[in-house]
1. Could you check the range 45-104 and list, in sequence order, the residues that are of a type in the set (Lys, Arg) and more than 21 Å from residue 120 (Cβ to Cβ)?
2. Restricting to the range 79-116, and then to whatever is of a type in the set (Gly, Ala, Ser) and not in a loop (DSSP other than H, G, I, E, B), can you tell me which residue is nearest to residue 4 (Cα to Cα)?
3. Any chance the range 134-147 includes a residue that's of a type outside the set (Lys, Arg), outside the structural domain of residue 33 (by TED's automatic domain parsing) and on the phi > 0 side of the Ramachandran plot?
4. Can you go through 109, 122 and tell me which one is buried (at least 17 other Cβ atoms within 10 Å of the Cβ) and not assigned by TED's automatic domain parsing to the domain that holds residue 26?
5. Every residue in the range 125-136 that is exposed (fewer than 14 other Cβ atoms within 10 Å of the Cβ) and either modelled with pLDDT of 95 or more or within 22 Å of residue 5 (Cα to Cα) (or both), please.
6. Do we find that residue 87 is assigned by TED's automatic domain parsing to the domain that holds residue 149 and in contact (Cβ under 8 Å) with a residue 60 or more places away in the chain in this structure?
7. For the range 21-58, enumerate the residues that are without any contact (Cβ under 8 Å) to a residue 12 or more places away in the chain and polar (S, T, N, Q).
8. Answer yes if at least one residue in the range 120-132 is part of a helix (DSSP H, G or I), under 12 Å from the mean Cα position of the chain (by Cα) and under 17 Å from residue 11 (Cα atoms), and no otherwise.
Amino acid sequence: MVVFYTKHQGKIVCLAKGVRRPTSRKRASIELFTQANIGGVAHGPMNIVTETVIVNSFSNIRQDYARVGAAYRVGEIIDRLTAENSETEGVYSLIVETLRGIEICDISLLNKVVENFTGHLLVLLGFWPAGKTLPEGASLFSFVEDVIEKNLNSDRYFNNKTTRSEGV
């Protein structure tokens with residue numbers, strides 16, 4: 001079972017048969033933080049991945065623990081805040097833009113990249129009004145935890161030292 005965020009269908013869950021085999025051609029295309037063109041068929045209630053082509057592997061993310069942590073935080077927030085089969089305009093582009101930012105930015109700016117992503121996502125999904133700022137000392141990540149009513153697991157990987165936030 002693999003979860004994808006797609007441009008036209010939003011978050012979808014698919015069955016990717018045989019991807020654990022070392023000789024699988026689809027294996028690299030379904031790695032975390034990989035942008036790919038994916039073909040599949042609907043088989044009853046389940047989608048089955050039939051073909052994949054890598055568009056961007058964001059390989060620089062995998063070279064640094066801090067970048068991996070930031071990308072995990074982005075992935076967890078997307079997964080927790082979005083519903084299956086519910087595409088929201090702009091979210092896919094925001095994800096790709098954020099992964100590019102994580103891949104190329106200076107390490108000291110990773111927190112800002114993830115905060116910007118989180119703020120924009122909250123606005124796109126309707127959880128926060130556009131242009132409104134958080135109260136002094138408030139954290140976007142704490143707000144996300146309040147919305148999902150759970151703690152973010154990516155705290156283990158993503159070092160969020162900053163609690164203040166600019167506008168959302």
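1. Of all residues in the range 45-104, those of a type in the set (Lys, Arg) come to 62, 67, 73, 80, 100.
Across the range 45-104, the qualifying residue is only 62.
2. To start, the set of residues in the range 79-116 that are of a type in the set (Gly, Ala, Ser) comprises 83, 86, 90, 93, 101, 108.
Narrowing further to those that are not in a loop (DSSP other than H, G, I, E, B): 93, 101, 108.
Working: 93: 14, 101: 20, 108: 29 Å.
Ranking the qualifying residues of the range 79-116, first place goes to 93.
3. Let us first name the residues in the range 134-147 that are of a type outside the set (Lys, Arg), namely 134-147.
Adding the requirement that they be outside the structural domain of residue 33 (by TED's automatic domain parsing) leaves 134-147.
So of that shortlist, the ones also on the phi > 0 side of the Ramachandran plot come out as 137.
Yes - at least one qualifying residue is present in the range 134-147.
4. On the way: 109 fails: buried (at least 17 other Cβ atoms within 10 Å of the Cβ).
Within the list 109, 122, the selection yields 122.
5. Narrowing the range 125-136 to residues exposed (fewer than 14 other Cβ atoms within 10 Å of the Cβ): 126, 129-133, 135-136.
If the condition is that a residue be exposed (fewer than 14 other Cβ atoms within 10 Å of the Cβ) and either modelled with pLDDT of 95 or more or within 22 Å of residue 5 (Cα to Cα) (or both), then 126 is the only one that fits.
6. Numbers: assigned by TED's automatic domain parsing to the domain that holds residue 149: yes; in contact (Cβ under 8 Å) with a residue 60 or more places away in the chain: yes.
Yes; evaluated as a whole, the condition is true for this residue.
7. Matches in the range 21-58: 23, 24, 50.
8. From the range 120-132, those part of a helix (DSSP H, G or I) are 120-124; that's our starting set.
From what is left, the residues that are under 12 Å from the mean Cα position of the chain (by Cα) are 121.
This time we only want the ones that are under 17 Å from residue 11 (Cα atoms), so: 121.
Yes, there is a match, as at least one residue in the range 120-132 is part of a helix (DSSP H, G or I), under 12 Å from the mean Cα position of the chain (by Cα) and under 17 Å from residue 11 (Cα atoms).
The values are calculated or read from the model by the stated rules, or taken from the named source; none is laboratory data. Fair warning: this is a prediction, and the values are worked out from it, not measured in the lab. Positions of Cβ are backbone-derived with ideal geometry, glycine not excepted, and every protein chain shown enters the neighbour counts.
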